[in-house]
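Below is one structure, written out as structure tokens; comments come after it.
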Amino acid sequence: MSSRLRACVFGRFFSFESIKEVMNKANELRSGDVQAGLCATSDRERVAAKRVLSELTLDELYEAPSVPYESDELTRLFQDGCEAAARRRLGGLSLGQVREWLLDTRTTGEDVLAVSPGLTPEMVAGVTKLMSNMDLVVAARKIRVVVRCNNTLGLPGRISSRLQPNHPRDSEEGILAVILDGLSYGNGDAVIGVNPSTETVESTVEILSRVKALMNKLAVPTQNCVLSHITIQMQAMQKGAPLDLCFQSIAGSEGANRNFGVSLRILDEAAAMTHELGTAKGPNVMYFETGQGTALSADAHHGTDQVTMEARAYGLARRYKPFLVNSVVGFIGPEYLHDGKQITRAGLEDHFMGKLSGLSMGCDACYTNHAECDQNDVENLEMLLASAGVNYLMGIPAGDDVMLNYETTSFHNNAALREIYGLRPAPEFEAWLERVGLWRAGKLTERAGDATLLLNREDVRAVVFGSKRRSA
Amino acid sequence: MSLDDSTVDSIVEAVLRNLREGAPPAAARPLGAGPVERAETVQACTPAPRPVHAVPAPAHAALLPRLVALTPSQVAMGRAGNRFRTDDYLRAREGQADARDAVHSEVPDDWPARHQLLSLRTQCVDRPEYLLFPSKGRRLDAGSVAALAAQRDSAPDVQLIVGDGLSPNAVVQNGAATLAAMQRAFAAAGWRVGAGCYVKYARIAVADEIGVLVRARATVLLVGERPGLGTGDSLSVYIAVNPKLGQDNAEKNCISNVRPIGIAPEEAAAQTVTILKRGLQLGVGGVALGLGWGRK
């Protein structure tokens, strides 16, 4: 094997000890791989690794999981769960050939989804390392992953958004005010998802109930979610809280998930409970967030690059047929993704890898102010993702999250993306927008941006303003 | 292409002018940041208040201010087509400019001496390395360890530490007042406070190493926090009881948003004393104190 792991670039030979070293060094440059001491030491070594990788077969990658089978429950899930029939269809092809097959205009999204169950995360990550940014857009665009909860996401010609109405002290009235504002721009068809600042069962029950009360009064077809720890959401469900989507942050190794306080067993239990006690129609009722660098930050990356670890998070997510999965791509900070270029690349990689894994992918195109990144960078990433057929993006007032203290994308941006690309909301949500006078003939009406348009009725006002007069 | 003489002259002139005006040296700026800010442009000013809302002809005009008052988020912004109004666009840019300038600022080299602080530094060689390699900002360099060795027997009740963190500007603007408020409050509480120190390129965990070296019962770190929009002057206070290397952040207490329009220095100092009294009495810190200031 090792005699094959070498390539010549402009007169110089580069050889690699293992498939793992090839995978690590074939990544586009990013600060997390530098920090971990895993990246190529020169551009020539990087492209040599890509050359070697392009000649490895999918079967060879199957035999080289990045985390040992014996010590990691995710690796066992991936290896044992890899569908043999699907794997046989491409198994003998080299990664270079797989890349060309994905890009071939005759290969349809249905063709890709048919082989997806035969791909392990290492295969998904491997082919991603051989693709340019435009390759990632072309290949992802053809893969449509359609999912259903109360709404339908992922249909061609449509794009949705998560409305993220966070409040620094979890004021329910403040949360509802932002929801009304976001709905008035046509945001919120993927989920109304609140990050609580205080993670207690009581506050999770309260926020879920209050948001659901508003959704019911407005008869708006969407999903509610409170992004507290999954075990807290389980207790909230058991107390009878109305919960549509069950959320958890996940990562690509057993150890990294332990750092999040979850395991396969806990996730299995939560998914079963949500199907039983959750309030959504389904069948897709789970919501996961991921992000490159998570495993490294937990020191649970097993010497593996952050693209491969991210693909493993998607390999875990697909077990639960989730309604939503998004990478929170720039949240983690510049020591993992240094600048706008690295964040953009990672956003496109994550979206493609998620789609190739059969997931309904969104993205939180975001950054912190100590990264070399600004709103122009995330606007660029949003436009690229919209052209790549992303299922949903984030909607926050002015793109500034006043609770989590990071910068992301705005209600206005989601409206503008629909304008630029001629995209429409989820069909159930679009019909509601038309009913309330916010949407007509494929675009927002003049009334858009006026939250008080949704406050015509006294019972709606009572839910928003009067915590004492609230009724279910 | 070569520069003609008049261009060279104008560059030299500009450099000399900047030096006369006390602008920071160009080396302190991020690569490609362009010319240094002119000192004469630095003066106190507050932004004009935002309009309550910018929605033309709302369906229920009386309800809109009530909605706006419910959240610090920017709702009812109005729109220019599907984009921000110009004023909102520029306000967002101002907020981010303040944050980014804060991240890339530096505390002047003579600042520690002027505040009677021992000057230390971590293992980072410069600010870019500080931003990309957090682990190097958690440990002191060899010279700083040696400097602290002289204080090995000071064993104070509370070791006060100032660190530049992710916003050196916050230290420059609010560090002195917060430090003074802490010193007054600790003296009033009757605690022995060792000689204070300042750490350049500091992450939170460097306080643990300092606390261990001087055998302090507790450390209090004032550090520039990661700036949000328009919060480049915001300090955080990290309080750690029984410092040890590798102590988890959940074992520390944090007070954030210490700045003129947030938590005032005196209030932050009073909260710190409350936390420390309980912490020193029980010998634990962080979430275990049950004071609601624990930080994950």
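The values are calculated or read from the model by the stated rules, or taken from the named source; none is laboratory data. Bear in mind the structure is a predicted one, so any value in this text is a computation, not a measurement. Here the Cβ positions follow ideal geometry from the backbone for every residue, glycine too, while neighbour counts run over all protein chains shown.
Observations, loosely collected:
- Total residues in region A:319-358, condition of a type in the set (A, V, I, L, M, F, W, C) and not in a helix (DSSP H, G or I): 8
- Condition check for A:A317: closer than 29 Å to A:D244 by Cα, away from chain B (no Cβ under 14 Å), in contact (Cβ under 8 Å) with a residue 40 or more places away in the chain and of a type in the set (G, A, S): yes
- Lone qualifier among A:T344, A:T294 - being in the same structural domain as A:T409 (by TED's automatic domain parsing), surrounded by fewer than 24 Cβ atoms within 10 Å (Cβ to Cβ), closer than 30 Å to A:N413 by Cα and among the β-branched types (V, I, T): A:T344
- Selection count, region A:138-170, where residues are over 22 Å from A:A426 (Cβ atoms) and in contact with a Ser or Thr (Cβ under 7 Å, 6 or more places away or on another chain): 4
- You will find that of B:L245, B:L222, the residue that is buried (at least 24 other Cβ atoms within 10 Å of the Cβ) and either more than 21 Å from B:K277 (Cα to Cα) or modelled with pLDDT of 95 or more (or both) is B:L222 and no other.
- Residue within region A:208-226 that is within 14 Å of chain B (Cβ to nearest Cβ) and in contact with a Pro (Cβ under 6 Å, 6 or more places away or on another chain) present: no
- Where a residue in region A:349-363 is closer than 13 Å to A:E382 by Cα and in the same structural domain as A:G315 (by TED's automatic domain parsing) and its partner, wherever it lies, is surrounded by fewer than 24 Cβ atoms within 10 Å (Cβ to Cβ) and acidic (D, E), with Cβ under 7 Å and at least six apart: none
- For region A:172-199, a tally of residues being touching a helix residue (DSSP H, G or I) at 6+ places or on another chain (Cβ under 8 Å), within 12 Å of chain B (Cβ to nearest Cβ) and not small (G, A, S) returns 12.
- Within the set B:R114, B:R152, the sole residue that is surrounded by fewer than 16 Cβ atoms within 10 Å (Cβ to Cβ) and modelled with pLDDT under 95 turns out to be B:R152.
- Residue that is nearest to A:I343 (Cα to Cα), among those in region A:373-397 that are among the small types (G, A, S) and crowded, with 24+ Cβ neighbours inside 10 Å: A:A388
- When A:R210 is tested against (1) under 24 Å from the mean Cα position of the chain (by Cα); (2) surrounded by 20 or more Cβ atoms within 10 Å (Cβ to Cβ), just one condition goes unmet, and that condition is (1).
- B:T272 being surrounded by 19 or more Cβ atoms within 10 Å (Cβ to Cβ), β-branched (V, I, T) and farther than 26 Å from A:T200 by Cβ: no
- Test: residue in region A:55-62 that is of a type in the set (S, T, Y) and in a helix (DSSP H, G or I): yes
- Among residues of region A:448-463 that are at the interface with another protein chain (Cβ under 7 Å from one of its Cβ atoms) and among the small types (G, A, S), those with a Cβ under 6 angstrom from a residue that is assigned to a helix (DSSP H, G or I) and surrounded by 21 or more Cβ atoms within 10 Å (Cβ to Cβ), sequence gap 6+ or separate chain, pair up as A:A451/A:L180; A:A451/A:D181; A:A451/B:L67.
- Residue that is crowded, with 24+ Cβ neighbours inside 10 Å and within 14 Å of chain A (Cβ to nearest Cβ), where the choices are B:P227, B:P265: B:P227
- Positions within region A:380-405 being at the interface with chain B (Cβ under 8 Å from one of its Cβ atoms) and assigned to a strand (DSSP E or B), in sequence order: A:I396, A:D400
- The residue that is surrounded by the fewest Cβ atoms within 10 Å (Cβ to Cβ), among those in region A:105-119 that are under 22 Å from the mean Cα position of the chain (by Cα) and among the β-branched types (V, I, T), is A:V112.
- Region A:358-372, subset surrounded by fewer than 24 Cβ atoms within 10 Å (Cβ to Cβ) and out of contact with any His (no Cβ under 8 Å at 6 or more places or on another chain), residue farthest from A:P117 (Cα to Cα): A:H370
- Residue match in region A:14-29 (condition: at pLDDT below 95, polar (S, T, N, Q) and either crowded, with 20+ Cβ neighbours inside 10 Å or more than 22 Å from A:G293 (Cβ to Cβ) (or both)): no
- Scanning region A:429-444 for residues that are surrounded by 17 or more Cβ atoms within 10 Å (Cβ to Cβ) and more than 9 Å from chain B (Cβ to nearest Cβ) yields a count of 7.
- Applying the condition of being part of a loop (DSSP other than H, G, I, E, B) and more than 7 Å from chain A (Cβ to nearest Cβ) to region B:74-102 and asking which residue is farthest from A:N369 (Cα to Cα) yields B:G81.
- Residue ID - surrounded by the most Cβ atoms within 10 Å (Cβ to Cβ), chosen from residues in region B:83-111 that are under 19 Å from the mean Cα position of the chain (by Cα) and aliphatic (A, V, I, L, M): B:A102
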